[in-house]
1. Output the residue which, of all residues in region 184-232 that are in a loop (DSSP other than H, G, I, E, B) and either among the hydroxyl-bearing types (Ser, Thr, Tyr) or touching a strand residue (DSSP E or B) at 6+ places or on another chain (Cβ under 6 Å) (or both), is modelled with the lowest pLDDT.
2. Checking LEU331 against (1) modelled with pLDDT under 95; (2) surrounded by fewer than 20 Cβ atoms within 10 Å (Cβ to Cβ); (3) farther than 23 Å from ASN239 by Cβ, which single condition isn't satisfied?
3. Got a number for residues in region 85-117 being closer than 30 Å to ASN32 by Cα, outside any helix (DSSP H, G or I) and open to solvent by less than 40 Å² (accessible area, probe 1.4 Å)?
4. Scan region 341-355 and tell me whether some residue there is open to solvent by 50 Å² or more (accessible area, probe 1.4 Å), in contact (Cβ under 8 Å) with a residue 60 or more places away in the chain, within 23 Å of ALA52 (Cα to Cα) and not in a loop (DSSP other than H, G, I, E, B).
5. Scan region 152-168 and tell me whether some residue there is within 25 Å of the chain's Cα centre (by Cα), assigned to a helix (DSSP H, G or I) and either of a type in the set (D, E, K, R) or farther than 17 Å from GLN112 by Cα (or both).
6. Filter region 6-62 down to the residues that are over 27 Å from GLU402 (Cα atoms) and of a type in the set (Ser, Thr, Tyr) and list them by number.
7. For region 376-425, name all the residues that are among the hydrophobic types (A, V, I, L, M, F, W, C) and open to solvent by 10 Å² or more (accessible area, probe 1.4 Å).
8. I need the full set of residues from region 266-296 which are aliphatic (A, V, I, L, M), under 28 Å from the mean Cα position of the chain (by Cα) and within 25 Å of VAL138 (Cα to Cα), in order please.
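The values are calculated or read from the model by the stated rules, or taken from the named source; none is laboratory data. Nothing here was measured: the structure is a model prediction, and the numbers come from that model. Positions of Cβ are backbone-derived with ideal geometry, glycine not excepted, and every protein chain shown enters the neighbour counts. Ligands, DNA and RNA are stripped out before the accessible areas are found, and what is left, the full protein with its side chains, is counted by its heavy atoms. Shrake-Rupley method; radii C 1.70, N 1.55, O 1.52, S 1.80 Å.
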Amino acid sequence: MALYAAAAAVLAGVENRQGSIKGLVYASSFQNVKPLYALVCETQRYAAVLDAVIASAGLLRAEKKLRPHLARVLVYELLLGKGFRGGGGRWKPLLGRHQARLKAELARLKVQRGVSRNEDLLEVGPRPGSVSQVPRFVRVNTLKTCSDDAIDYFKRQGFSYQGRASSLEDLRALKGKYFLLDPLVPELLVFPAHTDLHEHPLYRAGHLILQDKASCLPAMLLAPPPGSHVIDACAAPGNKTSHLAALLKNQGKIFAFDLDAKRLASMATMLARAGVSCCELAEADFLEISPTDQRYDRVQYILLDPSCSGSGMPSRQLEEPGPGRPSRERLRALAGFQQRALCHALSFPSLQRLVYSTCSLCQEENEDVVWDALQQNPGSFRLAPVLPSWPHRGLSTFPGAEHCLRASPESTLTGGFFVAVFERAEGPR
């Protein structure tokens, strides 16, 4: 139906800053302005709710030709509007295949936020309730111990081990002194939200690393084998560096760079406590590191987690534009630095695999940076298709963006995060 396509086009235009809702509606070729304007406004008002439901239901993963903005419009009509207009055309049977799951996810969202009406989801907002549901993730540091020993220790302290989780539902249901092994990330224990382990003896001894699940993805997906040479380009505070060292089994070399001397000092203490011995720390600007320096001849793996707006962090989640969203100027400056850092990293001659990650929800720092790097390196690198079962994919802003991963409290029970994995499409230069 033309109305839905027109509404999706307006929403895309607003997101890409091509104009206001009213201006884009009146500039549309769709003749009946009033229902178009109403549909766009209501869909935009419920955007965060719709995105959470769509991600949890796996709609875009199942219907690969369905674009995100159109999906929002159609799911709004199905769940929150007055039903499909004019029979719904070809969209009604398509959404009908997913109707039960979409309705179930909307109902689950209401239960999570303790509301009964659709409008109350707007009043509560997605962030405080959803963030409070994020479990406590604890990575077992395999340089010092193993999962079995850590699990036995917690059991002796009165915790009840429930085995490996089979789904996000198992994680959502955690409470009391129960804990699980994460279904995806090896050596990642999962405790109920608000479990405080900062004074736990295993944490203080470096046997455990308190690290969100999404933050574990970059090192896990980079997957350097023992003996590799790796660059951690913007390394502090060091959780990902320690994860890389564990994957390397302290065999090989990590070149870790950061400009902040105080953060590097804290990082050195943390790595020593974690038993990391394969890391060379340097107070340096990664952009000033020469890719032709012989010290980096064997670097085949780079982890780049640059400075970002932090809009995905629990304390600063900004899923939709508002007063707290980073200013356009700040986003432009951050994205400029991120683009330079990514293109610089891709210029290392022996590089085979790179992970780019941020704790930002902003397209400017994520998909836009990735697409810019791909365009500047045509034919040299491609996005690796990773974790096909991950429910929240990259925004469909360029071909292949579905290979990127996004994370959020609503869709993945983690902090907000973005990950893209680059792999060389040709031999080393």
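1. This residue is THR195.
2. The failed condition is (2).
3. The qualifying residues number 2.
4. no
5. Looking only at region 152-168, we keep the residues that are within 25 Å of the chain's Cα centre (by Cα), and these are 164-168.
Adding the requirement that they be assigned to a helix (DSSP H, G or I) leaves 168.
Among the residues that remain, those that are also either of a type in the set (D, E, K, R) or farther than 17 Å from GLN112 by Cα (or both) are: none.
No: region 152-168 contains no residue that is within 25 Å of the chain's Cα centre (by Cα), assigned to a helix (DSSP H, G or I) and either of a type in the set (D, E, K, R) or farther than 17 Å from GLN112 by Cα (or both).
6. Selection gives SER20, TYR26, SER28, SER29, TYR37.
7. Matches in region 376-425: PHE381, LEU383, VAL386, LEU387, TRP390, LEU395, PHE398, PHE417, ALA425.
8. Step one: filter region 266-296 for residues aliphatic (A, V, I, L, M), giving 267-268, 270-272, 274, 276, 281-282, 284, 287, 289.
Narrowing the set further to residues that are under 28 Å from the mean Cα position of the chain (by Cα) leaves 267-268, 270-271, 274, 276, 281-282, 284, 287, 289.
Correct list: MET267, ALA268, MET270, LEU271, ALA274, VAL276, LEU281.
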